[in-house]
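The values are calculated or read from the model by the stated rules, or taken from the named source; none is laboratory data. Remember, it's a predicted structure, so these values are computed and weren't measured experimentally. Here the Cβ positions follow ideal geometry from the backbone for every residue, glycine too, while neighbour counts run over all protein chains shown.
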Amino acid sequence: MSESKLPAPLTPPSAPVAELRRFTAARVALGRAGSGLPTEAHLRFTLDHARARDAVWSAVDRAALIEGLAARGLAVDGVASQAGDRATYVRRPDLGRLLAPEDAKRLAMRPAARIALVVADGLSAAAVDTNALAVVDALVPLLAEHDLAIDHAVVVDQGRVAIGDPIGEALAAELVIVLIGERPGLSAADSLGCYLTFRARPGMLDSGRNCVSNIRDGGLPPREAAFKIAWLAREALRRELSGIDLKEESAAELAARTAESLAIRP
């Protein structure tokens, strides 16, 4: 065999660097095959890239989501943004922030909501299908501990984060909680984000929102995320603000709860 046809030498990462892979899903310490990636690393990259693309272009199981929310006792409406299809949604983010006029009129006829929950597909259908109802299941009882309830849920097709603003206005909501599929990366294609806005109205700046991100198994588990969301919701309503003026400080309360639960175990 000629020298030019010999397989590229495989260079594994050094042991201390390879040890870092136990702590992250990021692409570190992959080694080299000549000047390129080892075959296994290349195939994993190709698979994760395909999963990310599928997450963006797939559709949320809207019927199952609405049915699931209704089964949990929530009043639910299905609406759409002004991005008429997925291709428009991807190319025109501005239209994904605008509520279809007929849906705005329909929501305005509903009773006013103190807390409105918005579930939007965003950029990852997989995130919504996998995590949204799990967050709701953990969030509802945490809110109930403080005599708070989700008064209305709205499922949005082709929605961006700011779609919560016209929905909040239509429902006259004091607080809007948006669960939305986050932009998929090459280590996670099913990450859900949550955005809380006090008295959301069109024209709000992103600095007026609080965000809890990377909600997924392997990231921030839904139960832990729900605790943070409930704390932020409670404090936003109490202080009548959200965004950069509201710092999330739920860690001490969560630690106290954990210690109490461990103390009473038999």
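Structure data summary
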quantity: Flag for residue 106 being assigned to a helix (DSSP H, G or I), in contact with an Asp or Glu (Cβ under 9 Å, 6 or more places away or on another chain) and of a type in the set (D, E, K, R); calculated: yes
quantity: Qualifying position, being surrounded by fewer than 20 Cβ atoms within 10 Å (Cβ to Cβ), assigned to a helix (DSSP H, G or I), in contact with a Leu (Cβ under 7 Å, 6 or more places away or on another chain) and of a type in the set (S, T, N, Q), among 130, 88; calculated: 88
quantity: The listed residue being at pLDDT below 95 and either in contact with a Lys or Arg (Cβ under 9 Å, 6 or more places away or on another chain) or not aliphatic (A, V, I, L, M) (or both), out of 183, 106, 114, 97; calculated: 183
quantity: Residue count for the range 137-156, restricted to those that are surrounded by fewer than 22 Cβ atoms within 10 Å (Cβ to Cβ), in contact (Cβ under 8 Å) with a residue 12 or more places away in the chain and assigned to a helix (DSSP H, G or I); calculated: 5
quantity: Candidates 70, 63, 55, filtered to the one that is assigned to a helix (DSSP H, G or I), under 20 Å from residue 158 (Cβ atoms) and in contact with a strand residue (DSSP E or B) (Cβ under 8 Å, 6 or more places away or on another chain); calculated: 55
quantity: Single match in 27, 51, 32, 62 (criterion: surrounded by 14 or more Cβ atoms within 10 Å (Cβ to Cβ) and without any contact (Cβ under 8 Å) to a residue 40 or more places away in the chain); calculated: 32
quantity: Any pair with Cβ under 8 angstrom, 6 or more apart, that starts in the range 178-206 at a residue that is at positive phi and ends at one that is buried (at least 20 other Cβ atoms within 10 Å of the Cβ) and assigned to a strand (DSSP E or B); calculated: 199/175
quantity: Filter pass, residue 234 being surrounded by fewer than 22 Cβ atoms within 10 Å (Cβ to Cβ) and either touching a helix residue (DSSP H, G or I) at 6+ places or on another chain (Cβ under 9 Å) or at positive phi (or both); calculated: yes
quantity: Candidate set: the range 203-226, residues that are part of a loop (DSSP other than H, G, I, E, B) and surrounded by fewer than 15 Cβ atoms within 10 Å (Cβ to Cβ); chosen: the one nearest to the chain's Cα centre (by Cα); calculated: 217
